[in-house]
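Data block below; observations after.
The values are calculated or read from the model by the stated rules, or taken from the named source; none is laboratory data. This is a predicted model, so every value here is computed, not measured. Positions of Cβ are generated from backbone atoms using ideal geometry, with glycine treated the same way; all protein chains shown enter the neighbour counts. Surface areas here come from the heavy atoms of the whole protein model, side chains and all, with no ligands, DNA or RNA. Shrake-Rupley method; radii C 1.70, N 1.55, O 1.52, S 1.80 Å.
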Amino acid sequence: MYVCKGEIPNLAGRRIRLRRMDAEDAYAMSRCWMEPASRAFADIPVVQSVRDAGHLIQRLNDMALHEETIRWGIERIDTSELLGSCGFNFWQLEGAFRGEFGCELSSKHSGYGYMTEAAGVVAAFGFEVMGLNRIEALVDPRNERASRLFERLGYSREGLLRDYRHTLEGFVSVNSYALLRREWEQAREEQDSSYADSI
């Protein structure tokens with residue numbers, strides 16, 4: 001059974017790599033986490049400075065030590081620029097085999113497919129390495145960009161969780177999305193088959 005022990009492995013896609021974030025990433029992540037557009041619907045502590053970002057990075061890494069979360073920085077392979085972060089806000093194996101995916105991306109990098117690629121890499125890790133059967137995502141109904149992302153990735157919208165989160169605005173509801181391992185495997189087989197037919 002998968003155990004993290006604080007080890008956050010490097011993962012790679014076609015244009016991005018996912019890697020552990022460290023203190024040197026505080027400036028780049030502060031710019032992402034402080035942006036109104038990227039934190040409007042984010043379920044993370046308020047970040048108001050580079051120091052706050054450094055503390056949050058350390059907190060996320062500490063939580064990985066206790067099997068509570070695993071968070072990667074999203075880095076462009078060609079420029080080594082940090083674009084945002086993503087990972088599992090939590091996971092549970094025994095009795096559930098599920099995890100909750102969360103992400104933020106700097107607004108200047110939105111619309112280029114980076115998060116689609118990163119989320120796909122994380123899903124592969126979750127299903128193939130961690131042994132998950134189900135990956136969930138909780139999305140504020142007002143966050144149309146995130147809703148489109150998960151629908152594009154093959155997640156099914158399962159329903160509305162009313163007053164699920166408490167924020168500075170009060171209680172907010174979220175849409176629950178989920179992707180099952182068998183659905184992910186079928187989509188990958190279809191993609192591989194389509195590619196083979198085109199050769």
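Considering Cα pairs under 8 angstrom that are at least six residues apart, work out the relative contact order of segment 124-189 and quote it in whole percent.
Contact order relative to length: 37 percent.
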Label model pair T116, Q186: point-to-point distance (7 angstrom along the Cα→beta-carbon line) in nm is 2.1 nm
If one builds a Gaussian network model of the chain from Cα atoms under 10 Å apart, the most fluctuating residue listed among F171, F150, F97 is F171
Within the chain, cysteines having no neighbouring cysteine beta carbon under 4.7 Å are C4, C32
Note to self: with every protein chain in place and a 1.4 Å probe, the chain gives an accessible area per residue in Å² of 55 Å²
Whole-number value, in Å³ per residue, for the convex hull of the alpha carbons of segment 98-199 is 119 Å³
In whole angstrom, the spacing between the Cα centers of segment 88-149 and segment 1-48 equals 13 Å
Under 5 Å from the placed amide H of G6, counting only residues 5+ away or on other chains, we find L65, E67
Label model pair R39, N10: point-to-point distance (7 angstrom along the Cα→beta-carbon line) in nm is 3.0 nm
Along segment 12-22, Karplus-curve 3J(HN,Hα) (6.51, -1.76, 1.60; θ = phi - 60°) to the nearest Hz, with x for Gly and Pro, reads 9, x, 6, 10, 10, 10, 9, 8, 4, 8, 10
Cα-only Rg/Rh for the chain with Kirkwood Rh rounds to 0.95
Using eta = 1.567 mPa s and T = 4 °C, Stokes-Einstein with Kirkwood Rh from Cα pairs puts D for segment 54-107, in µm² s⁻¹, at 106 µm²/s
Rounded to the nearest 500, the 222 nm mean residue ellipticity computed for the chain from DSSP H runs (n ≥ 4, each -39500 (n - 2.57)) alone is -10000 deg cm²/dmol
